[in-house]
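Report on one structure; see the data block that follows.
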Amino acid sequence: MTINQFLVLCGNAFLIVGELGLLFLSLTLFIECIAALFKVAPPINSHNWQNIKVAVLVPAHNEEVVIQTTLLKIKSQLQNQHQLIVIADNCSDGTAEIARAVGATVIERDDPLQRGKGYALDYGLRFLESSPPEVVVFVDADCTVETGAIEKLIKYAIATNRPVQATYLITKESSSSPKESVSVFAFKVKNLVRLLGLARLGIPCLLTGTGMAFPWSVIRAVDLASGYIVEDMKLGLDLTIAGYGPVFCPEANVTALLPQQAQASKSQRTRWEHGHLKTLINYVPQLIKASVQQKKLDLLISALDLCIPPLSLLIIIWLIFMVITALWGIITAFWIPATLSMIASFFLLTAIFVAWYNFGRTDLPLRQLLVIPFYILWKIPLYFQFLVRPQSLWVRTERDSVNVSEH
């Protein structure tokens, strides 16, 4: 065998393996998007949720601009015996005073060396240990909890005795740019469409950041105290490995406004996507190992779901392989990788179309679809940054200087 023949053989093997990986990821996304079209039956629960001892924890770091509206919305959904607790975490503004004025119990934490929502939530749970609730709910300080969401989350947690994730979506201003519309759609694919598909397939979902409920015995089964940049994703995976896979509650809705400041939006997106990629690298091996040890297929499927990168990155990878396999076929007349690429293209593009047509047309009108290539180009530096200088520290997203109640 000549050197050229050996190099061609290696190239063939590399492209086939790469295309098979892309094919599996595209097929997984396709199955999730198709499954999302079928209704998920809610768990049956006849328990009187009003009599359940419940605590709602709201971690807050310098949230004086938005926290009042958030707390008032939550408080209107609670019964007298329910607790609303704000963890004022390393605050230097009026967050604590505003929260007390609303009627929330406020505990203040001052530890500049241990920063991040994970540490704040752990502090709140330790505060509750002397008289623990039956269900604890986590809500971020900058979001809107739609009417009835708290009740639905509590009922799901009681009925399933598992962690519960609400539908958490971002909204945009009416005057937002097409790029922001694409961002809202991509967020909806990740936090609604794929989670609906997993729920229909009976697979644990990821925790997505806010609007989460936990039976007390479940949340104390894992350690929250960390500065992990996507602590919610880590928490959900830790619980899944521990045998408490989160379930999705699509009827409970929580929203947050997409940051209008360019730097804030970039910072938030960097934290989310670098955190996603870091979690993919760290937890896929753990899920596979746990699947083998516990003999649970759902853990293996969770690993495959976690392997799906952010949608923009998946499209970038697909485009790169499309070009390379086409050129390789022309040069070597070996068309198997290109054929696999075409099959992967069918599953990927069909999945995106199904998600857009059934869930995203209001967020991303047809005329704005042409913006998608520019949106992907805008994301390339973010992914390149992950290769050379990945974000590893938790950074709070700066809030817009308007109150969320105005939207």
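Observations
- Per this entry, ASP305 is not counted among residues that are of a type in the set (D, E, K, R), within 30 Å of SER177 (Cβ to Cβ) and touching a residue at least 24 places away in the same chain (Cβ under 8 Å).
- Candidate set from the range 17-31 (those that are in contact (Cβ under 8 Å) with a residue 60 or more places away in the chain and aliphatic (A, V, I, L, M)); member that is nearest to LEU304 (Cα to Cα): LEU25
- So ILE74, is it out of contact with any strand residue (DSSP E or B) (no Cβ under 6 Å at 6 or more places or on another chain) and at pLDDT 95 or above: no
- Beta carbons closer than 9 Å, at least 6 apart along the sequence or on distinct chains, pair a first residue in the range 356-383 that is over 15 Å from VAL189 (Cα atoms) with a second that is surrounded by fewer than 17 Cβ atoms within 10 Å (Cβ to Cβ) and of a type in the set (A, V, I, L, M) for ILE376/LEU319.
- Here the condition is being assigned to a helix (DSSP H, G or I), under 22 Å from the mean Cα position of the chain (by Cα) and among the charged types (D, E, K, R); of LYS152, LYS73, it holds for LYS152 alone.
- Test: residue in the range 279-286 that is touching a Lys or Arg at 6+ places or on another chain (Cβ under 7 Å) and either modelled with pLDDT under 95 or buried (at least 19 other Cβ atoms within 10 Å of the Cβ) (or both): yes
- Filter result for THR70 (closer than 30 Å to ILE44 by Cβ, touching a residue at least 12 places away in the same chain (Cβ under 8 Å), of a type in the set (Ser, Thr, Tyr) and surrounded by 19 or more Cβ atoms within 10 Å (Cβ to Cβ)): no
- Residue match in the range 219-242 (condition: surrounded by fewer than 17 Cβ atoms within 10 Å (Cβ to Cβ), at pLDDT 90 or above, assigned to a helix (DSSP H, G or I) and aliphatic (A, V, I, L, M)): no
- Enumeration of residues in the range 73-91 that are in contact with a helix residue (DSSP H, G or I) (Cβ under 7 Å, 6 or more places away or on another chain) and without any contact (Cβ under 8 Å) to a residue 60 or more places away in the chain: LYS75, GLN79, LEU84, ILE85, VAL86, ILE87, ALA88, ASP89
- Whenever a residue of the range 1-12 is in a helix (DSSP H, G or I), its partners that are among the polar types (S, T, N, Q), lying with C-beta atoms within less than 6 angstrom and at least six residues away or across chains, give the pairs VAL8/THR332.
- So PRO246, is it in contact with a strand residue (DSSP E or B) (Cβ under 6 Å, 6 or more places away or on another chain) and not small (Gly, Ala, Ser): yes
The values are calculated or read from the model by the stated rules, or taken from the named source; none is laboratory data. Just so it is clear, the model here is predicted, and its values are computed rather than measured. Please note: Cβ atoms are built from the backbone with ideal geometry, for glycine as well, and neighbour counts cover all protein chains shown.
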